[in-house]
Amino acid sequence: MSKIHQAGGYKRDFQLSGDPGAGLSLGERIKQFVVGKIESEAWAEGHRVPSESELAKEFGTARMTVHGALRDLATEGILIRRPGAGTHVAPRKSQATMMEVRNIQDEIRERSHRHSAQVKLLVAEPCDLEIGTELEVSPGSIVYHSLIVHFEDDRSVQLENRYVTPDFAKDYLQQDFKRRTPNEYLMSLGPLEEVEHVIQALMPDPPTCALLGIPATEPVLHMRRRTWSRGAVVSTARLVHPGSRYSLFGRFRVARRSSQ
């Protein structure tokens, strides 16, 4: 039966969902309960989670079981635990799927947040050896270059530094990238047949810190993405995200080999 208490100025419903005989341990069901509260927005960012002793008493289990469940959620970045300050719901990081080419604007809107963009650069320029190699064109070839900062509810979440071949995107410089992202525009021109991702955790240089509005001590998640269409490289981009505001998610199905 559900138990509802008034404590600390808020109500808490400690009823566990699911069938205890469904194959999940009590620790896993406690984790599901906490995640359910967060996903339903009953517990918002920064919400103080009841103590281990409170949860153990309400769920009728050992404190160590609760400790393990909350520790796992903290490791996954869902909760924040600080000695003497208790356990709180962590700020939700923006999240992208590694195997997909997602539009940052769509990602933000799916979280019911507001996207905005600042276009810092949109020019035609000769490329250097590095960019020419990535685009598979000769150094000195004219390419289109855009530099855009993407915001989620006024917080920067991505610095997009992109180079595009004019043969594929002739009208690139005429686009309003405050309203429509380069990703959306390029996808409209033709099917993207192949994508290459190279992901690194790096320390940002001063210009990156200034553009993203982050301290020099904050690591960034750096993704270099190349895309192909009709057998040719059409774009190479460096997507830089503040480490505290963004994460990448991947879930893969592993093919099992049958025993001989």
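The values are calculated or read from the model by the stated rules, or taken from the named source; none is laboratory data. Predicted, not measured: the structure shown is a model, and the values here were computed from it. Don't worry about glycine lacking a Cβ; one is built from the backbone with ideal geometry, like all the others, and counts go over all protein chains shown. We work out accessible area using only protein heavy atoms, side chains counted, and drop any ligands, DNA or RNA first. Shrake-Rupley method; radii C 1.70, N 1.55, O 1.52, S 1.80 Å.
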key: Hits in segment 71-81 (condition: in a loop (DSSP other than H, G, I, E, B) and in contact with a Lys or Arg (Cβ under 8 Å, 6 or more places away or on another chain))   = G77
message = Quick check on segment 1-32: of everything there that is among the hydrophobic types (A, V, I, L, M, F, W, C) and within 18 Å of G86 (Cα to Cα), which residue is modelled with the lowest pLDDT?
response = A7
Criterion: of a type in the set (K, R) and either surrounded by 13 or more Cβ atoms within 10 Å (Cβ to Cβ) or under 20 Å from P242 (Cβ atoms) (or both) - qualifying residue of R179, R102 = R102
ask   = Based on what the data block shows, is S138 of a type in the set (S, T, Y), in contact (Cβ under 8 Å) with a residue 60 or more places away in the chain and open to solvent by less than 80 Å² (accessible area, probe 1.4 Å)?
value = no
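Do you know which of the residues in segment 158-189 that are among the hydroxyl-bearing types (S, T, Y) and in a helix (DSSP H, G or I) is nearest to the chain's Cα centre (by Cα)? Walk me through it before giving the result.
Step one: filter segment 158-189 for residues among the hydroxyl-bearing types (S, T, Y), giving 163, 165, 172, 181, 185, 188.
Among the residues that remain, those that are also in a helix (DSSP H, G or I) are: 172, 185, 188.
Details: Y172: 26, Y185: 21, S188: 24 Å.
Selected residue: Y185.
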ask   = Can you tell which of L192, L221 is part of a strand (DSSP E or B) and either over 20 Å from R245 (Cα atoms) or open to solvent by 30 Å² or more (accessible area, probe 1.4 Å) (or both)?
value = L221
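Looking at the structure I just gave you, is G84 of a type outside the set (S, T, N, Q), at pLDDT 90 or above and either under 20 Å from H222 (Cβ atoms) or part of a loop (DSSP other than H, G, I, E, B) (or both)? Steps first, please.
Working: of a type outside the set (S, T, N, Q): yes; at pLDDT 90 or above: no; either under 20 Å from H222 (Cβ atoms) or part of a loop (DSSP other than H, G, I, E, B) (or both): yes.
Criteria not met by G84.
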Criterion (farther than 14 Å from F33 by Cα and touching a residue at least 60 places away in the same chain (Cβ under 8 Å)) met by exactly one of G60, G77, G46, G84 = G77
request  = Give me the pairs, please: first residue somewhere in segment 233-260 and closer than 30 Å to D167 by Cα and of a type in the set (V, I, T), second residue anywhere and at pLDDT below 85 and not in a strand (DSSP E or B), beta-carbon distance under 8 Å, and either six or more positions apart or on two chains.
outcome  = V234/L192
ask   = In segment 37-70, which residues are within 21 Å of Y246 (Cα to Cα), assigned to a helix (DSSP H, G or I) and either of a type in the set (S, T, N, Q) or open to solvent by 30 Å² or more (accessible area, probe 1.4 Å) (or both)?
value = E39
